[in-house]
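The values are calculated or read from the model by the stated rules, or taken from the named source; none is laboratory data. Because the structure is a prediction, the values reported are computed rather than measured. All Cβ positions, glycine included, derive from the backbone under ideal geometry; neighbour counts span all protein chains shown.
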Amino acid sequence: MATNITFHPGSVTSNERTELLGQKGATIWLTGLSASGKSTIACALEQHLLHFKKFAYRLDGDNVRFGLNRDLGFDEKSRNENIRRIGEVSRLFTDAGSITITAFISPYRADRDLARDLHNRSSLPFVEVFVDAPLQVVEDRDPKGLYKKARAGEIKDFTGISAPYEAPESPEIHIRTDEVGVADAVRIIADYLVAKQYITL
(Lines give C-alpha, C1' and ligand atoms only; values in the text may rest on other atoms or scores of the structure.)
Protein backbone atom coordinates (compact mmCIF):
# COMPACT_ATOMS: atom_id res chain seq x y z
CA MET A 1 0.00 0.00 0.00
CA ALA A 2 1.23 3.50 -0.79
CA THR A 3 2.28 5.58 2.22
CA ASN A 4 1.63 9.05 0.81
CA ILE A 5 -2.17 8.81 0.97
CA THR A 6 -4.73 10.10 3.46
CA PHE A 7 -8.21 8.75 4.15
CA HIS A 8 -10.86 11.47 3.82
CA PRO A 9 -13.98 10.69 5.86
CA GLY A 10 -17.31 11.98 4.57
CA SER A 11 -19.86 14.08 6.42
CA VAL A 12 -22.86 11.83 5.66
CA THR A 13 -23.48 9.34 8.48
CA SER A 14 -24.71 5.76 8.28
CA ASN A 15 -27.80 6.81 10.23
CA GLU A 16 -28.60 9.45 7.61
CA ARG A 17 -28.34 6.88 4.83
CA THR A 18 -30.52 4.47 6.80
CA GLU A 19 -33.16 7.16 7.30
CA LEU A 20 -33.11 8.07 3.60
CA LEU A 21 -33.35 4.48 2.34
CA GLY A 22 -35.51 3.01 5.09
CA GLN A 23 -33.08 0.11 5.53
CA LYS A 24 -29.66 -0.75 6.86
CA GLY A 25 -26.96 -1.94 4.52
CA ALA A 26 -25.82 -5.54 4.88
CA THR A 27 -23.67 -7.95 2.91
CA ILE A 28 -25.21 -11.35 2.21
CA TRP A 29 -22.23 -13.56 1.38
CA LEU A 30 -23.33 -16.71 -0.46
CA THR A 31 -20.60 -19.36 -0.52
CA GLY A 32 -20.64 -22.93 -1.79
CA LEU A 33 -19.53 -25.26 -4.54
CA SER A 34 -20.13 -24.52 -8.20
CA ALA A 35 -23.73 -25.49 -9.09
CA SER A 36 -24.82 -25.46 -5.45
CA GLY A 37 -27.36 -22.74 -6.29
CA LYS A 38 -25.63 -19.52 -5.24
CA SER A 39 -26.32 -17.48 -8.37
CA THR A 40 -29.89 -18.74 -8.65
CA ILE A 41 -30.65 -17.80 -5.06
CA ALA A 42 -28.84 -14.46 -5.42
CA CYS A 43 -30.92 -13.49 -8.47
CA ALA A 44 -34.17 -14.51 -6.80
CA LEU A 45 -33.28 -12.73 -3.55
CA GLU A 46 -32.39 -9.52 -5.37
CA GLN A 47 -35.71 -9.61 -7.25
CA HIS A 48 -37.62 -10.37 -4.04
CA LEU A 49 -36.08 -7.40 -2.23
CA LEU A 50 -36.61 -5.03 -5.14
CA HIS A 51 -40.26 -6.14 -5.28
CA PHE A 52 -40.56 -4.74 -1.76
CA LYS A 53 -38.77 -1.56 -2.89
CA LYS A 54 -35.55 -2.39 -1.07
CA PHE A 55 -32.21 -1.22 -2.41
CA ALA A 56 -30.31 -4.40 -3.31
CA TYR A 57 -27.44 -5.21 -5.63
CA ARG A 58 -25.95 -8.53 -6.69
CA LEU A 59 -22.27 -9.29 -7.27
CA ASP A 60 -21.74 -12.56 -9.15
CA GLY A 61 -18.57 -14.61 -9.32
CA ASP A 62 -18.54 -15.00 -13.10
CA ASN A 63 -19.72 -11.48 -13.88
CA VAL A 64 -16.95 -9.63 -12.04
CA ARG A 65 -14.33 -11.58 -14.00
CA PHE A 66 -15.48 -9.79 -17.16
CA GLY A 67 -14.32 -6.47 -15.70
CA LEU A 68 -13.01 -5.79 -12.21
CA ASN A 69 -11.23 -9.14 -11.87
CA ARG A 70 -10.51 -9.91 -15.52
CA ASP A 71 -6.78 -10.06 -14.75
CA LEU A 72 -7.14 -12.95 -12.27
CA GLY A 73 -6.90 -16.68 -12.83
CA PHE A 74 -8.04 -19.57 -10.63
CA ASP A 75 -4.85 -20.52 -8.79
CA GLU A 76 -4.91 -20.04 -5.03
CA LYS A 77 -3.19 -16.64 -5.08
CA SER A 78 -5.62 -15.32 -7.69
CA ARG A 79 -8.59 -16.69 -5.77
CA ASN A 80 -7.34 -14.91 -2.64
CA GLU A 81 -7.10 -11.61 -4.51
CA ASN A 82 -10.49 -12.19 -6.16
CA ILE A 83 -12.19 -12.44 -2.78
CA ARG A 84 -10.14 -9.61 -1.28
CA ARG A 85 -11.40 -7.26 -4.00
CA ILE A 86 -14.98 -8.45 -3.63
CA GLY A 87 -14.77 -7.99 0.12
CA GLU A 88 -13.75 -4.37 -0.45
CA VAL A 89 -16.41 -3.74 -3.10
CA SER A 90 -19.20 -5.33 -1.06
CA ARG A 91 -18.16 -3.23 1.94
CA LEU A 92 -18.50 -0.07 -0.16
CA PHE A 93 -21.94 -1.07 -1.45
CA THR A 94 -23.09 -1.97 2.05
CA ASP A 95 -21.72 1.26 3.48
CA ALA A 96 -23.86 3.05 0.86
CA GLY A 97 -26.91 1.31 2.34
CA SER A 98 -27.40 -1.52 -0.13
CA ILE A 99 -28.35 -5.08 0.68
CA THR A 100 -25.32 -6.43 -1.14
CA ILE A 101 -25.71 -10.02 -2.34
CA THR A 102 -22.44 -11.73 -3.26
CA ALA A 103 -22.43 -15.12 -5.00
CA PHE A 104 -18.89 -16.50 -5.00
CA ILE A 105 -17.50 -19.97 -4.39
CA SER A 106 -14.98 -18.28 -2.05
CA PRO A 107 -13.48 -21.67 -1.16
CA TYR A 108 -11.01 -20.61 1.51
CA ARG A 109 -12.21 -19.95 5.04
CA ALA A 110 -9.43 -17.43 5.70
CA ASP A 111 -10.53 -15.29 2.75
CA ARG A 112 -14.14 -15.26 3.93
CA ASP A 113 -12.97 -14.40 7.44
CA LEU A 114 -10.99 -11.47 6.05
CA ALA A 115 -14.10 -10.21 4.25
CA ARG A 116 -16.08 -10.53 7.47
CA ASP A 117 -13.38 -8.71 9.45
CA LEU A 118 -13.33 -5.91 6.89
CA HIS A 119 -17.06 -5.39 7.46
CA ASN A 120 -16.73 -5.73 11.24
CA ARG A 121 -14.06 -3.03 11.35
CA SER A 122 -16.50 -0.72 9.58
CA SER A 123 -19.41 -1.81 11.84
CA LEU A 124 -21.26 -3.22 8.83
CA PRO A 125 -23.39 -6.39 8.93
CA PHE A 126 -21.94 -9.47 7.25
CA VAL A 127 -24.21 -12.49 6.82
CA GLU A 128 -22.49 -15.68 5.67
CA VAL A 129 -24.86 -18.06 3.88
CA PHE A 130 -23.55 -21.56 3.23
CA VAL A 131 -25.30 -22.74 0.06
CA ASP A 132 -24.71 -26.42 0.55
CA ALA A 133 -25.28 -29.50 -1.60
CA PRO A 134 -23.44 -32.83 -1.75
CA LEU A 135 -20.73 -33.14 -4.38
CA GLN A 136 -22.68 -35.84 -6.22
CA VAL A 137 -25.70 -33.55 -6.46
CA VAL A 138 -23.78 -30.60 -7.89
CA GLU A 139 -21.96 -32.92 -10.30
CA ASP A 140 -25.32 -34.24 -11.49
CA ARG A 141 -26.56 -30.68 -12.02
CA ASP A 142 -23.35 -29.40 -13.68
CA PRO A 143 -25.17 -26.77 -15.84
CA LYS A 144 -21.92 -25.48 -17.36
CA GLY A 145 -20.31 -28.88 -17.85
CA LEU A 146 -17.42 -27.83 -15.62
CA TYR A 147 -17.35 -30.89 -13.37
CA LYS A 148 -17.19 -33.16 -16.39
CA LYS A 149 -14.23 -31.18 -17.72
CA ALA A 150 -12.54 -31.17 -14.32
CA ARG A 151 -12.93 -34.94 -13.98
CA ALA A 152 -11.38 -35.29 -17.44
CA GLY A 153 -8.42 -33.17 -16.37
CA GLU A 154 -9.34 -30.32 -18.71
CA ILE A 155 -9.70 -27.77 -15.88
CA LYS A 156 -7.00 -27.36 -13.25
CA ASP A 157 -7.59 -26.17 -9.69
CA PHE A 158 -11.32 -26.85 -9.84
CA THR A 159 -12.97 -26.49 -6.45
CA GLY A 160 -14.32 -29.74 -5.06
CA ILE A 161 -12.35 -31.88 -7.52
CA SER A 162 -8.71 -30.79 -7.74
CA ALA A 163 -8.82 -27.86 -5.30
CA PRO A 164 -10.29 -27.71 -1.79
CA TYR A 165 -13.49 -26.16 -0.53
CA GLU A 166 -13.37 -25.25 3.15
CA ALA A 167 -16.95 -25.27 4.38
CA PRO A 168 -18.06 -22.57 6.84
CA GLU A 169 -17.90 -23.68 10.46
CA SER A 170 -20.57 -21.36 11.84
CA PRO A 171 -22.42 -19.49 9.09
CA GLU A 172 -25.36 -17.29 10.01
CA ILE A 173 -27.49 -19.30 7.57
CA HIS A 174 -27.04 -22.84 6.23
CA ILE A 175 -29.19 -23.84 3.26
CA ARG A 176 -29.21 -27.35 1.79
CA THR A 177 -30.32 -26.86 -1.80
CA ASP A 178 -30.89 -30.58 -2.29
CA GLU A 179 -33.60 -30.25 0.37
CA VAL A 180 -34.85 -26.65 0.02
CA GLY A 181 -36.17 -24.93 -3.11
CA VAL A 182 -35.23 -21.45 -4.32
CA ALA A 183 -38.37 -19.75 -2.98
CA ASP A 184 -37.84 -21.21 0.48
CA ALA A 185 -34.15 -20.28 0.41
CA VAL A 186 -35.08 -16.68 -0.37
CA ARG A 187 -37.66 -16.66 2.41
CA ILE A 188 -35.10 -17.97 4.93
CA ILE A 189 -32.64 -15.20 4.07
CA ALA A 190 -35.29 -12.46 3.93
CA ASP A 191 -36.72 -13.57 7.28
CA TYR A 192 -33.24 -13.32 8.78
CA LEU A 193 -32.83 -9.76 7.48
CA VAL A 194 -36.18 -8.80 8.99
CA ALA A 195 -35.37 -10.49 12.31
CA LYS A 196 -32.11 -8.54 12.51
CA GLN A 197 -34.04 -5.33 11.66
CA TYR A 198 -31.93 -4.60 8.60
CA ILE A 199 -35.13 -4.28 6.58
CA THR A 200 -38.90 -4.36 6.98
CA LEU A 201 -41.13 -6.12 4.47
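Is it true that some residue in segment 24-42 is of a type in the set (S, T, N, Q), modelled with pLDDT under 95 and under 25 Å from the mean Cα position of the chain (by Cα)?
no
Counting just the residues of segment 28-50 that are outside any helix (DSSP H, G or I) and of a type in the set (A, V, I, L, M), which one comes out farthest from Glu139 (Cα to Cα)?
Residue satisfying both the conditions and the ranking: Ile28.
Show the residue pairs meeting these rules: Cβ distance below 8 Å; 6+ apart or different chains; first residue within segment 127-148 and closer than 28 Å to Gly87 by Cβ; second residue of a type in the set (Val, Ile, Thr) and surrounded by fewer than 22 Cβ atoms within 10 Å (Cβ to Cβ).
Val127/Ile173; Glu128/Ile173; Val129/Ile173; Phe130/Ile173; Leu146/Ile155; Tyr147/Ile161
Can you pull out every residue in segment 13-40 that is surrounded by fewer than 12 Cβ atoms within 10 Å (Cβ to Cβ) and among the aliphatic types (A, V, I, L, M)?
Correct list: Leu20 only.
Could you list, in sequence order, the residues of segment 159-181 that are over 19 Å from Glu128 (Cβ atoms) and in contact (Cβ under 8 Å) with a residue 40 or more places away in the chain?
Ala163, Asp178
Per-residue answers, yes or no, for (1) in contact (Cβ under 8 Å) with a residue 12 or more places away in the chain; (2) buried (at least 18 other Cβ atoms within 10 Å of the Cβ); (3) in contact with an Asp or Glu (Cβ under 6 Å, 6 or more places away or on another chain); (4) polar (S, T, N, Q):
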site	(1), (2), (3), (4)
Ser11	no, no, no, yes
Ala42	yes, yes, no, no
Phe52	yes, no, no, no
Val64	yes, yes, no, no
Asp71	no, no, no, no
Ala96	yes, no, no, no
Leu114	yes, no, no, no
Asp117	no, no, no, no
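Looking at segment 82-198, what helices (runs of 4 or more DSSP H) fall wholly within it and have at least 3 residues that are over 19 Å from the mean Cα position of the chain (by Cα), within 20 Å of Gly37 (Cβ to Cβ) and not β-branched (Val, Ile, Thr)?
135-141, 146-151
Exactly one of these conditions fails for Lys144: (1) of a type outside the set (Val, Ile, Thr); (2) surrounded by 14 or more Cβ atoms within 10 Å (Cβ to Cβ); (3) at pLDDT below 95; (4) on the phi < 0 side of the Ramachandran plot. Give me its number.
Unmet for Lys144, out of (1) of a type outside the set (Val, Ile, Thr); (2) surrounded by 14 or more Cβ atoms within 10 Å (Cβ to Cβ); (3) at pLDDT below 95; (4) on the phi < 0 side of the Ramachandran plot: (2).
Restricting attention to segment 81-88, does a residue exist that is crowded, with 19+ Cβ neighbours inside 10 Å, modelled with pLDDT of 95 or more and under 24 Å from Arg187 (Cβ atoms)?
no
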